[in-house]
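The values are calculated or read from the model by the stated rules, or taken from the named source; none is laboratory data. Note that the coordinates shown come from a computational prediction; the quantities given were computed from them, not determined experimentally. Note: ideal-geometry Cβ built from the backbone for every residue, glycine included; neighbour counts use all protein chains shown. To get the accessible areas, we keep the full protein, side chains included, count just its heavy atoms, and leave off ligands, DNA and RNA. Shrake-Rupley method; radii C 1.70, N 1.55, O 1.52, S 1.80 Å.
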Amino acid sequence: MSDGIAAHAPLHEHAHHPALQHQFNTMEQQQETVTLGMWLFLITEIMFFGGLFMAYLLYRVWYPEAWAEGSVELDVVLGGLNTVVLIGSSLTMALAVRSAQVGAPRATVGWLGITIALGATFLVVKGFEYAHKFQAHHVPGPDFVFEGPHARQVQIFLSLYFAMTGLHALHMVIGIGLLSVIAWMAHRRRFTPEWYSPVEMSGLYWHFVDIVWIFLFPLLYLVDRAHHFV
């Protein structure tokens, strides 16, 4: 009898982990559910961005010359810098998740802090890029100025540019806020090797935002620029 109770004790303790919510039986079940929920959320985000990508591709087929002219107006150096910054932030985010998995809260906070700093750097660089567009009157609207026969179509290109990169920047702001909360939780030693789901799910979100930019950069900055010079 006592052996049977002892045999079930670890399972009982595991089922009552402080982070285990009442609707789940085990931590493994909770982790699987959280992961599935995050992936479903990311699928909705893919569909959200997918509409903008489809609009971009359709207009590109209709107005290839204007797309080439508009792409040349973008700063490929700042865009490339931001690409390097985000790739670096994906690495530091992965290291933060790994630190949480092995129960290293100080390292988790440190890597999250670097990730947040890189995200902020991305937004600052994007701010300089936007400022240049305002100075050149390349912001779609009543003050839009562009020389050439394809000015109206270039305005459509720049409208999509601001819509796509602006929505991406908004996701970056949300991600920085989310990681700040996670870093505070890690500082309070809320995560253990048995429970680090918030860090991992935040990492999935951050990687998704980075991947979106990996598609935005060549489509907006590179593909049609090459076509223009050809």
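For the set L81, L123, L91, solvent exposure ranked by accessible area (probe 1.4 Å, protein chains only) runs largest to smallest as L91, L81, L123. Using the Karplus curve 6.51 cos²θ - 1.76 cosθ + 1.60 with θ = phi - 60°, work out ³J(HN,Hα) for each residue of the range 84-97 in order, rounded to whole Hz, and write x for Gly and Pro. With the stated coefficients, the range 84-97 comes to 4, 4, 6, 4, x, 5, 5, 5, 5, 5, 4, 5, 5, 4 Hz.
Placing a pseudo-label 7 Å from each Cα along the Cα-to-Cβ vector at R189 and H132 gives an inter-label distance of 4.8 nm.
Centre-to-centre separation between the Cα atoms of the range 142-212 and those of the range 84-139: 10 Å.
Taking the Cβ-Cβ separation of A163 and Q101 as r and a Förster radius of 45 Å, what is the calculated FRET efficiency to the nearest 0.05? Don't jump to the answer; show the numbers that get you there.
On the way: r = 37 Å, r/R0 = 0.83.
The value I calculate is 0.75.
With both labels modelled 7 Å from their Cα along Cα-to-Cβ, the L222 to I43 distance reads 3.0 nm.
Under 37 °C and 0.692 mPa s, how fast does the range 73-119 diffuse according to Stokes-Einstein, given a Kirkwood radius computed over C-alpha pairs? Answer in µm²/s, whole number. Walk me through the numbers on the way to the answer.
Details: Rh = 11.3 Å.
Diffusion coefficient, whole number: 291 µm²/s.
Can you classify the range 127-203 as rounded, prolate or oblate using the Cα gyration tensor, where a ≥ b ≥ c are the square roots of its eigenvalues, rounded means a/c under 1.5, and otherwise it's prolate if a/b beats b/c and oblate if not? Cα axes put the range 127-203 in the prolate bin.
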